[in-house]
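Here the structure is laid out as structure tokens; the discussion comes afterwards.
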Amino acid sequence: MSLLVIGSVAFDAIETPFGKTDKIVGGAASYISISSSFFYNSINLVAVIGDDFPKDFIIKLNQRGVDTKGLQIKEGEKSFFWSGKYHNDMNSRDTLVTELNVLGTFDPIIPDSYQNCEILMLGNLLPSVQSTVIERLTSRPKFIAMDTMNFWMDIAMEDLRKTMTMVDLLIINDEEARQLSGEYSLLKASRIIRNMGPKYLVIKKGEHGALLFHGNDLFFCPALPLEEVFDPTGAGDTFAGGFMGYLAKSGEISFRNMKKAVVYGSAMASFCVEKFGTERLLELSDEDVEERVKLFLTLSDMGFH
Ligand code: AMP
């Protein structure tokens, strides 16, 4: 069984009340694949970068067991660039710049060795590229999850609606859920969104935790209260990586198991925000992850058993 990850691999420039970065490495697929590599050892990446992207980051991905045969490097072209500025509450942000560059013309090529993947994570990028990846797989994966964002709702809603009909799980944040459904109540929004395609839905609420919906079932996992949130960029993708990595490892697709996956995803996201970019994730050990997961279990243990 393998986990196929697609999404942006990018340069980010981030501004938070704690400081400002120049271009640093980011991108949805970067966070997803690093995070999932803590749980699962067969991760294949399909993405695109320009020749301006640092090779040592690709080596770091390989060292974490991520296969990058599907990572296209476009000579003479520039990598995707995103810049964002966080508000003082660190829970909301404004996008300052989105330069698609190589992402704008991305034609995702799936290496033969990536076919027959059982789990597919469509990280944030053009919804039309996300659906193309599904169409180019010779057999449908057992489970397909996708992420998206307001940017695509604004400019590619029709493509997004099409892709949503093809997936099992959508992972988005509360603001995106409200925009997508036109409903403020997340319960009402969850029903509207699940009528658009995905049977399962995760709504992330930043420092207020995450909700998992399926049928009439609902699960909530808090976020770990932290003294300092340094940079929330990539926390959502890191959540998705932990979630999907755990699901791939366990092999069981059920609501019961996804509740555990939400805890693993939340634990990974709590690390991501402790430093700028992917820095914190790349220095973690398996023991750090285990400890953090234990902390989550005690955090919401209400002592009834
Ligand atoms: P998150 O904080 O989890 O929502 O994800 C932040 C990451 O998403 C950053 O590293 C960005 O490079 C990436 N990103 C931002 N906008 C887009 C977009 N329109 N398409 C794909 N990736 C994006």
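Points worth noting:
- Selection of first residues in segment 85-102 that are within 12 Å of the ligand (Cβ to nearest atom) and of second residues that are modelled with pLDDT of 95 or more and in a loop (DSSP other than H, G, I, E, B), restricted to Cβ pairs under 7 Å at least 6 apart or on distinct chains, gives the following pairs, ordered by first then second residue: Asn101/Glu77; Asn101/Lys78; Asn101/Ser79; Val102/Glu77; Val102/Lys78; Val102/Ser79.
- Residue in segment 172-189 that is assigned to a loop (DSSP other than H, G, I, E, B) and in contact with a Cys (Cβ under 9 Å, 6 or more places away or on another chain) present: no
- The C-beta contact set for segment 274-289 (first residue more than 22 Å from Val263 (Cβ to Cβ), second residue modelled with pLDDT of 95 or more and of a type in the set (Asp, Glu), distance under 7 angstrom, 6+ apart or interchain) comprises Gly277/Asp12.
- Test result for Lys69, within 13 Å of the ligand (Cβ to nearest atom), assigned to a strand (DSSP E or B), surrounded by fewer than 17 Cβ atoms within 10 Å (Cβ to Cβ) and among the basic types (Lys, Arg): no
- Residue within segment 177-184 that is of a type in the set (Phe, Trp, Tyr), free of Cβ contacts under 8 Å to residues at least 40 places away in the same chain and surrounded by 16 or more Cβ atoms within 10 Å (Cβ to Cβ) present: no
- Every residue from segment 19-42 that is within 11 Å of the ligand (Cβ to nearest atom) and in a loop (DSSP other than H, G, I, E, B): Lys23, Gly27
- One residue stands out in segment 275-298 among those that are in a helix (DSSP H, G or I) and in contact with a strand residue (DSSP E or B) (Cβ under 9 Å, 6 or more places away or on another chain): the one that is surrounded by the fewest Cβ atoms within 10 Å (Cβ to Cβ), namely Glu279.
- For Gln115, the stated conditions hold: it is at pLDDT 95 or above, surrounded by 13 or more Cβ atoms within 10 Å (Cβ to Cβ) and more than 16 Å from the ligand (Cβ to nearest atom).
- Residue match in segment 237-244 (condition: in contact (Cβ under 8 Å) with a residue 40 or more places away in the chain, small (Gly, Ala, Ser) and part of a loop (DSSP other than H, G, I, E, B)): no
- Whichever residue in segment 152-161 is surrounded by 15 or more Cβ atoms within 10 Å (Cβ to Cβ) and closer than 19 Å to Val202 by Cα and, among such residues, is nearest to the ligand (Cβ to nearest atom): Trp152
The values are calculated or read from the model by the stated rules, or taken from the named source; none is laboratory data. Remember, predicted model here, so these are calculated numbers, not experimental data. Note: ideal-geometry Cβ built from the backbone for every residue, glycine included; neighbour counts use all protein chains shown.
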